[in-house]
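Trainee: Here it is: the structure, laid out below.
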Amino acid sequence: MRAATKNGLTLGGVALCIGLFHLAHLSLKDYGPEFQSRRGVLSRAELVPAGGTDKCEKFWLALRSENAFTVECGLLVPRRKAGRYPAIIVLGGKATGKDAVDFALDINDVILAAPDYGYTPRPEYTVPQLLWDVPEIRRALLDMVPAVMLLTDYLFTRPDVDTTKLVLVGYSFGAPFVPTIIRYDRRAAAAFVVYGGGDLRSLIRHNVRRYRGAFVSEMVGWLGELLLRPLEPLRSVEYISPIPLVMINGTADEQIPRANVERLYRNAREPKKIIWLESMHVHPRNPELTARIIRTIQQDLLTMGILDSSSSNAP
């Protein structure tokens with residue numbers, strides 16, 4: 001009995017070591033080739049009208065590559081046909097996804113697209129549920145990089161898009177993706193990281209600890225760092241340069257500690273700029289803050305020459 005138990009423990013230890021080694025390998029390898037392979041070549045784009053306003057048409061956009069990789073998006077297109085427009089890709093909060101376009105229905109003279117996330121979070125998690133969902137969560141998060149690449153491919157096929165004026169905006173849950181996407185796809189003219197920061201381990205630990213105990217938050221933070229290392233903003237933010245980077249953050253953000261914001265900003269290279277707004281974390285139920293963020297982004301895009309004065313309500 002003791003020998004069997006000992007052998008079982010030994011085999012369990014070996015399996016654990018192999019598993020950890022495999023995770024370490026996955027976290028450290030260069031994902032650039034995998035992102036490109038996953039993206040494939042755009043083969044189909046389907047547009048379904050979804051309403052809009054007197055200023056813009058809204059569509060649901062479904063993209064598919066030749067290797068069957070699919071991306072669902074929201075899309076806003078100006079009703080006024082006046083040549084080529086700047087294009088803004090928005091990566092929104094975890095509960096927003098492609099519906100992020102709904103927060104910009106009053107824009108002028110800008111094409112705006114928002115990809116959906118491939119995973120729908122549970123309302124809350126137990127530890128077993130979280131561990132069960134880990135492979136699906138990881139795949140969905142890593143897929144955001146090739147998803148934005150494929151969406152960019154589509155936008156570059158549109159005759160009404162000015163391909164020299166593509167902007168990538170990530171806010172809240174979507175903010176950490178921006179540095180990695182631009183590291184592997186250099187087509188953006190400007191990058192905005194809104195209410196985001198660096199060091200995923202401490203960010204995850206901080207937010208889990210708001211609802212769970214120290215042990216659970218440490219475990220989830222460690223696991224998140226290991227699994228999501230390819231998306232760690234601190235690893236990629238320096239590669240944004242010479243594309244301009246603008247960071248917008250809240251002085252009282254309860255989800256993104258100031259230390260994480262400042263560390264990400266320090267790791268970035270010029271040209272870069274940081275703007276602090278007197279606020280807590282951005283939230284869909286705070287339209288006033290959303291409007292302030294939109295005005296702030298608009299002003300910087302005007303300064304960069306990406307927008308002109310006719311886009312008075314555009315982000």
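The values are calculated or read from the model by the stated rules, or taken from the named source; none is laboratory data. Everything numeric in this text was worked out from a predicted model, so none of it was measured. Glycine gets a Cβ as well: all are built from the backbone with ideal geometry, and neighbour counts include every protein chain shown. Ligands, DNA and RNA are excluded from the accessible area calculation, which covers all protein heavy atoms including side chains. Shrake-Rupley method; radii C 1.70, N 1.55, O 1.52, S 1.80 Å.
Trainee: For Arg263, state whether it is buried (at least 16 other Cβ atoms within 10 Å of the Cβ), charged (D, E, K, R), in a helix (DSSP H, G or I) and touching an Asp or Glu at 6+ places or on another chain (Cβ under 7 Å). Full working, then the answer.
Mentor: Details: buried (at least 16 other Cβ atoms within 10 Å of the Cβ): yes; charged (D, E, K, R): yes; in a helix (DSSP H, G or I): yes; touching an Asp or Glu at 6+ places or on another chain (Cβ under 7 Å): yes.
In short, yes.
Trainee: Working only within region 186-207, note down all residues that are more than 13 Å from Leu234 (Cα to Cα) and either part of a helix (DSSP H, G or I) or touching a residue at least 40 places away in the same chain (Cβ under 8 Å) (or both). Talk me through it step by step, then tell me what you get.
Mentor: Step one: list which residues in region 186-207 are more than 13 Å from Leu234 (Cα to Cα), which gives 186-192, 194-195, 204-207.
Selection gives Arg186, Ala188, Ala189, Ala190, Ala191, Phe192, Val194, Tyr195, Ile204, Arg205, His206, Asn207.
Trainee: Do you know which of the residues in region 285-315 that are open to solvent by 70 Å² or more (accessible area, probe 1.4 Å) and part of a loop (DSSP other than H, G, I, E, B) is modelled with the highest pLDDT?
Mentor: Among them, the one singled out is Asp308.
Trainee: Considering only residues that are surrounded by fewer than 16 Cβ atoms within 10 Å (Cβ to Cβ), free of Cβ contacts under 8 Å to residues at least 40 places away in the same chain and at negative phi, which ones fall in region 51-76?
Mentor: Asp54, Glu57, Ala62, Glu66, Asn67, Thr70
Trainee: Filter region 212-248 down to the residues that are free of Cβ contacts under 8 Å to residues at least 12 places away in the same chain and not in a helix (DSSP H, G or I), then identify the one that is most open to solvent (accessible area, probe 1.4 Å).
Mentor: Once the filter is applied, the top-ranked residue is Arg212.
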